[in-house]
Each structure stands twice: as structure tokens, then as C-alpha cells.
Amino acid sequence: MATRPRIKDVAEYAGVSPKTVSNVINDFEHVSEHTRAAVREAIEALGYRVNLAGRQLRQGRTGMIALAVPELDVAYFSELAKHVMAAADRRGRTVLLHQTGGVRERELSALHGFDAQFTDGIILSPLSLTPRDLATRDTRLPVVLLGERQAPGAVDHVGIDNVAAAREATEHLLARGRRTIA
């Protein structure tokens, strides 16, 4: 079985240094178009593919984030997942989805479980976690809470101002001539 081509092999084929190959792969701007073309040709000819595990090991990152939501079949959460995945994809990241059902044990599992070891962060929409649960998490794992549950100071939180949103919706309806607002 043939071995996978390495950066060193690409560099030799293109007649450049391994650092130049790395610069082309990482799209650094200080590489001439002629050299860039030669490296890309070598990459194509040899069938070179970036070793993602090695890259992640060097960077200390996995390239994955977790998204934990109560129910994926609820339109809000499926649309949220769609947008999180699109944003992650634009940044070369992968999203691992958890459906917790709003069950505390599943939310804790998402926060402390298997994926916590293999992700760079977690976006969590909890229904059952307590501030104490969040305080016991590994603080090296970035966590962003979504929705109504807050844990002041424990983690970052993204939510909306429900009072201001209700006021804005009511004002909009009144401005359009509506008088009976439920």
C-alpha cells in the first residue's frame, strides 16, 4: 500500500521548501503566483491532503463545536442549527449536534460528556440545568448559553430582551391600525 504524500514530498516535487508549501496551503499572501501554481500542481499530482489531525494537534484545537438543543424537530431549534452549521462551515469548523429533550442528565452529558473532550466549545440551550451545574463545568471549555436560562458570571449568554421585543411588536401592530391586541 502506498503511503500518503507529505508536505516534504510536495516541496520536493515543486522545488520549494516545506515552509513554502505550508504558506500556500494556509493561503499566506507573500508567495508569488508562479510558486503558488507550482505548489498547487504538486499537490494535485501527488494527491496530497492536509493532515487535519496533525494540524489540530499543533493548534491545540479540534475544529469542532457542539450544539445542544432540546428538540431538533422544533422549527426554532432546527433553524438555529442550520445557521450555526452554516457559520461554522464558513470558518472550516464542524458542528456536533445533541438533542437533549430538556432532560437534565442529557444537558449535563453535553456539558461534561464525551464531546466536551473533543470540541473547542459548546453552544447550549438548556431547560433543566441550574447555575450550580454550570459552575461545576470545566472552565477550559468555552460555553455559550442561549435562551432564557442564565447563569450570571458562569458563562456567556445570548438572549433577547423579551419586554422590549413585546413592546416593539405591540407598537408595530398599533401603528398598522390594530386596536385589539392579545
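The values are calculated or read from the model by the stated rules, or taken from the named source; none is laboratory data. Here the structure is a predicted model, which is why all the values come from computation and not from measurement. Ligands, DNA and RNA are excluded from the accessible area calculation, which covers all protein heavy atoms including side chains. Shrake-Rupley method; radii C 1.70, N 1.55, O 1.52, S 1.80 Å.
Accessible surface calculations at 1.4 Å, restricted to protein heavy atoms, place the chain at 68 Å² per residue. Within the accessible surface of the chain, defined with a 1.4 Å probe on protein heavy atoms only, the carbon and sulfur portion equals 53 percent. Out of every Cα-Cα pair that the chain contains, those further apart than 29 angstrom amount to 47 percent.
Measuring nothing but how far apart in sequence close Cα pairs (under 8 Å, 6+ apart) lie, relative to its length, the chain scores a relative contact order of 15 percent.
Building the convex hull from the alpha-carbon atoms of region 1-51 and averaging its projection over directions returns 3.3 nm². When shorter helices are ignored and each DSSP H run of at least 4 residues is given -39500 (n - 2.57), the per-residue value for the chain at 222 nm works out to -14000 deg cm²/dmol.
Here is the tail figure for region 122-182: Cα pairs spaced more than 14 Å apart come to 63 percent of all pairs.
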